[in-house]
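So the structure is just underneath, and the comments pick up after that.
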Amino acid sequence: MKRKTKLEVKGVNKIFTSHTGQEVHALKDINLVVKEKEFAVIVGPSGCGKSTLLNIVGGLEKATSGTIEVDANKVFEPGADRGMVFQGYSLFPWLTVKENVEFGLKIKGFSAAGREKISTKYIDIVGLNGFEKSLPKTLSGGMKQRVAIARTLANEPSLLLMDEPFGALDAQTRVVMQELLVSISQKTQTTVLFITHDIDEALLLGNKIYVMSRRPGCITEVIDVEFEGTRGHNVLVLPEFMEMKKKIMDMLWQDSTDAANGK
Amino acid sequence: MKGKKAENIKIVKKLSYTSLSIISFFVIILAWCGLTYGGILDKIFLPTPSSVIMATVNMVNDGTLASNIWSSTYRVLVGWALSAILALPIGMLMACSKTFNAIIQPVIEFVRYLPVVALVPLTLLYLGIGEGQKYTIIFLGTFFQLVLMVADTVSSVDKNLLNAARTLGASPYQRYKLVLFPASLPGLMDSFRVTMGWAWTYLVVAEMVAANSGLGYVILKSQRFLATDKIFSGLILIGLIGLFTDLIFRAITKIVVPWHERLGD
């Protein structure tokens with residue numbers, strides 16, 4: 001099945017210059033392609049630059065060189081076509097759940113009735129029925145993240161960017177949210193680019209895994225996860241998954257030993 | 001029921017807070033009575049509570065209390081309102097534009113340290129002896145601090161909220177109106193409340209010259225006659241009215257920003 005290319009990252013480099021003049025090469029020659037409806041995951045150690053890469057794709061930061069193309073159009077600024085979900089939720093605390101979810105729609109000029117129709121749909125998808133009038137300060141971490149996801153999806157972006165969205169949640173909630181995300185992405189058929197340092201999470205969610213090295217971050221491996229059917233946490237013990245996990249772990253382990261040895 | 005228990009704990013906490021405040025207030029009054037009725041301090045230094053009450057009652061009887069209170073309150077409110085109306089846009093602009101900030105901040109920081117009392121002769125020279133001069137004194141005492149507080153509050157808004165708005169498609173104007181301003185409101189309300197308190201402390205300076213009404217005027221006139229009971233009466237009234245405006249501000253803040261979480265909640 002030939003799928004269209006949704007996102008293409010071409011030759012992206014990012015060099016940070018500190019005020020003392022020191023140069024930090026955060027990203028080196030990043031090339032990746034995400035096809036429509038694909039769930040791509042970038043997995044790598046902390047500090048390898050994956051958040052920086054996601055921010056560049058989302059337009060919150062500028063690449064030193066290279067381009068980002070969404071639907072074959074170059075993008076430079078943030079936009080509603082690339083929705084982002086962050087680890088810190090970033091809900092607007094003065095707005096209720098419903099108002100948060102409708103934020104992007106209000107900006108676009110939807111009528112109240114139009115907004116209600118869409119927000120009801122996505123609040124239902126993330127399982128927060130009954131909490132429409134709640135303020136964020138009354139919600140748990142997992143609930144806040146659901147609102148953040150609903151808010152981004154309600155805007156119907158063509159690309160969903162997620163930066164370790166479940167990193168701040170406890171282990172149990174994380175499991176629930178991962179399975180929720182699997183069902184949401186299947187239901188809404190959104191293209192997703194997901195960042196994590198958790199290999200299990202990468203294998204559970206992604207159909208394409210990019211392994212990133214430590215700084216200067218570059219893509220060292222691309223793994224296609226071919227698995228038909230819905231993935232629950234039981235798949236992680238299957239032999240093919242164990243193999244992929246071992247492969248990624250070895251790569252990351254090698255990377256950190258190289259770092260320790262000053263390579 | 002978990003909800004009921006939490007409610008009850010909240011009520012108990014509030015009662016113990018209020019009763020502690022009342023108790024501390026009473027201790028001070030008791031100390032005051034002890035020092036004066038017990039003959040430890042001379043009447044000239046510390047008037048008895050009853051003489052202060054008498055002085056206040058006298059002012060009520062000759063009709064001057066209400067008009068003095070109103071003159072002073074009006075001056076504080078107008079002077080403070082002028083500060084707020086100017087400080088809000090200027091402070092926000094300082095937070096949002098590095099260029100504007102570079103131009104304006106050094107000037108503000110400098111003027112901030114000028115003692116307002118020393119500026120009184122200048123205000124008389126430029127503005128004469130009318131009410132305008134009084135408003136200006138209150139303004140000078142509050143504006144320069146308030147504008148910096150506003151700038152600080154606005155620039156402390158969580159950048160992630162602004163980033164989230166950008167990724168949801170908000171234009172710069174929409175970000176200012178729909179994110180920056182509501183996110184700044186708790187800090188702004190706090191700044192307004194605190195500076196309103198400071199405005200009251202400048203009342204005496206404002207009524208120092210060429211005033212013929214007001215609580216500050218009463219205090220200054222009483223100083224000349226060493227009528228300490230009247231001085232205390234004026235001071236306590238200023239304190240009480242100031243406290244009252246503070247409570248009103250707190251109530252307004254709760255209504256305007258019900259969503260704000262504080263550490264103590």
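Report, by residue number, each residue of the stretch A:1-44 that is crowded, with 17+ Cβ neighbours inside 10 Å, in contact with a helix residue (DSSP H, G or I) (Cβ under 9 Å, 6 or more places away or on another chain) and not hydrophobic (A, V, I, L, M, F, W, C). Hits for the stretch A:1-44 are A:K14, A:G44. Scanning the stretch A:31-54 for residues being closer than 27 Å to A:I184 by Cβ and in a strand (DSSP E or B) gives a total of 9. The residue that is farthest from B:I28 (Cα to Cα), counting only those in the stretch B:230-259 that are assigned to a helix (DSSP H, G or I) and within 14 Å of chain A (Cβ to nearest Cβ), is B:V256. For the stretch A:89-110, the set of residues classified as buried (at least 24 other Cβ atoms within 10 Å of the Cβ), more than 21 Å from A:M177 (Cα to Cα) and more than 7 Å from chain B (Cβ to nearest Cβ) consists of A:E102, A:L105, listed by residue number.
Of all residues in the stretch A:61-111, those being of a type in the set (S, T, Y) and either in contact with a helix residue (DSSP H, G or I) (Cβ under 9 Å, 6 or more places away or on another chain) or closer than 25 Å to A:K37 by Cβ (or both) number 4.
This table checks each residue for (1) among the charged types (D, E, K, R); (2) modelled with pLDDT of 90 or more.
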{"position": "B:D190", "(1), (2)": "yes, yes"}
{"position": "B:T195", "(1), (2)": "no, yes"}
{"position": "B:W198", "(1), (2)": "no, yes"}
{"position": "B:V209", "(1), (2)": "no, no"}
{"position": "B:G214", "(1), (2)": "no, no"}
{"position": "B:L226", "(1), (2)": "no, no"}
{"position": "B:D246", "(1), (2)": "yes, yes"}
{"position": "B:R250", "(1), (2)": "yes, yes"}
{"position": "B:T253", "(1), (2)": "no, yes"}
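Would it be correct to say that B:L86 is without any contact (Cβ under 8 Å) to a residue 40 or more places away in the chain and not acidic (D, E)? So B:L86 does not fit the description; no. Residue by residue through the stretch A:64-88, note down the ones that are more than 9 Å from chain B (Cβ to nearest Cβ) and not in a strand (DSSP E or B). Correct list: A:T64, A:D71, A:A72, A:V75, A:F76, A:Q87. Does B:V157 satisfy the criteria of being in contact (Cβ under 8 Å) with a residue 24 or more places away in the chain and away from chain A (no Cβ under 14 Å)? In short, no.
Of the helices (runs of 4 or more DSSP H) entirely within the stretch A:122-228, those holding at least 1 residues that are within 14 Å of chain B (Cβ to nearest Cβ) occupy A:141-154.
As a summary of the residue check, B:F45 satisfies the conditions (1) surrounded by fewer than 19 Cβ atoms within 10 Å (Cβ to Cβ); (2) farther than 25 Å from B:F25 by Cα except for the one numbered (2). From the list B:L162, B:L168, the one residue that fits, being crowded, with 20+ Cβ neighbours inside 10 Å, within 13 Å of chain A (Cβ to nearest Cβ) and modelled with pLDDT under 95, is B:L168.
The values are calculated or read from the model by the stated rules, or taken from the named source; none is laboratory data. Small disclaimer: the values here were computed from a predicted structure and weren't measured. As a convention, Cβ positions derive from the backbone with ideal geometry for all residues, glycine included, and neighbour counts pool all protein chains shown.
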